[in-house]
Every structure is written in structure tokens, then in C-alpha cells.
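Novice: Please find one structure pasted underneath; my questions will follow.
The values are calculated or read from the model by the stated rules, or taken from the named source; none is laboratory data. What you see is a predicted model, and the numbers here were worked out from it, not measured in a lab. Cβ sites come from the backbone with ideal geometry, for glycine too, and all protein chains shown count toward neighbours.
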Amino acid sequence: MQTKLTLRLEDRLIAQAKARAQRRGKSLSQLVADYFVQLDEPRAAAAREPLPPTVASLRGALKGAAVLDEEDWRAHLRAKHG
């Protein structure tokens with residue numbers, strides 16, 4: 001079942017979206033529908049696709065690591081380059 005959805009957006013944004021839909025050979029409605037489907041895809045993809053072994057071995061490697069900031073980086077560069 002399809003239901004009508006009304007959106008209020010800036011004219012510029014609507015024009016950009018229509019142009020993008022046209023470049024992709026789709027209607028604006030289909031472009032929006034595709035976007036809505038993608039909103040849940042990262043979670044669904046993560047749940048069904050195992051990580052490659054190398055990536056999986058790195059999971060949690062930085063847990064408990066010190067939090068570094070820009071000054072830490074600058075100190076590292078000074079020590080490295082004099």
C-alpha cells in the first residue's frame with residue numbers, strides 16, 4: 001500500500017533533489033523511498049555480514065586506550081622532529 005507524504009523543504013533543496021533524481025533516472029518519490037530504506041540498512045547489514053578476519057581481530061583493540069588531544073599530537077611531533 002502506498003501513502004502520500006507531504007514534505008516542506010527549501011526550494012533550493014527540492015530543486016537539487018529533483019536534479020539528482022533525474023540524473024539517476026528515478027522519480028523524486030523513488031529517491032526518497034530509497035533513502036528511507038537505507039536508514040535501517042547499516043544495522044541490518046552489520047547483523048548479517050560477519051567482519052573480515054583481520055577487521056574482527058582489531059575489534060576492541062583501543063578499548064581503555066588513553067584519550068589524546070591536539071596538544072598530545074603536537075608534543076609527539078616536537079619529540080619526533082626536534
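Novice: I need the full set of residues from the range 25-82 which are more than 30 Å from residue 7 (Cα to Cα) and polar (S, T, N, Q), in order please. Quick ask: steps written out before the conclusion?
Specialist: As a first pass, look at the range 25-82 and keep what is more than 30 Å from residue 7 (Cα to Cα): 46-82.
54, 57 - these are the residues of the range 25-82 that are more than 30 Å from residue 7 (Cα to Cα) and polar (S, T, N, Q).
Novice: State all residues of the range 1-17 that are assigned to a helix (DSSP H, G or I) and of a type in the set (A, V, I, L, M, F, W, C); if no residue qualifies, say none.
Specialist: As a first pass, look at the range 1-17 and keep what is assigned to a helix (DSSP H, G or I): 11-17.
If the condition is that a residue be assigned to a helix (DSSP H, G or I) and of a type in the set (A, V, I, L, M, F, W, C), then 13, 14, 15, 17 are the ones that fit.
Novice: Same structure, new question: Please determine, by comparing only the residues of the range 20-37 that are assigned to a helix (DSSP H, G or I) and surrounded by fewer than 11 Cβ atoms within 10 Å (Cβ to Cβ), which one is nearest to the chain's Cα centre (by Cα). Steps first, please.
Specialist: First, the residues of the range 20-37 that are assigned to a helix (DSSP H, G or I): 20-23, 28-37.
From the residues that got through so far, the ones that are surrounded by fewer than 11 Cβ atoms within 10 Å (Cβ to Cβ) too are 23, 35-37.
On the way: 23: 22, 35: 12, 36: 13, 37: 14 Å.
So, considering only residues that are assigned to a helix (DSSP H, G or I) and surrounded by fewer than 11 Cβ atoms within 10 Å (Cβ to Cβ), the one nearest to the chain's Cα centre (by Cα) is 35.
Novice: Among the listed residues 46, 61, 66, identify the single one that is modelled with pLDDT under 85 and either touching a strand residue (DSSP E or B) at 6+ places or on another chain (Cβ under 6 Å) or surrounded by fewer than 10 Cβ atoms within 10 Å (Cβ to Cβ) (or both).
Specialist: Details: 46 fails: either touching a strand residue (DSSP E or B) at 6+ places or on another chain (Cβ under 6 Å) or surrounded by fewer than 10 Cβ atoms within 10 Å (Cβ to Cβ) (or both); 61 fails: modelled with pLDDT under 85.
Going through 46, 61, 66 in turn, the sole match is 66.
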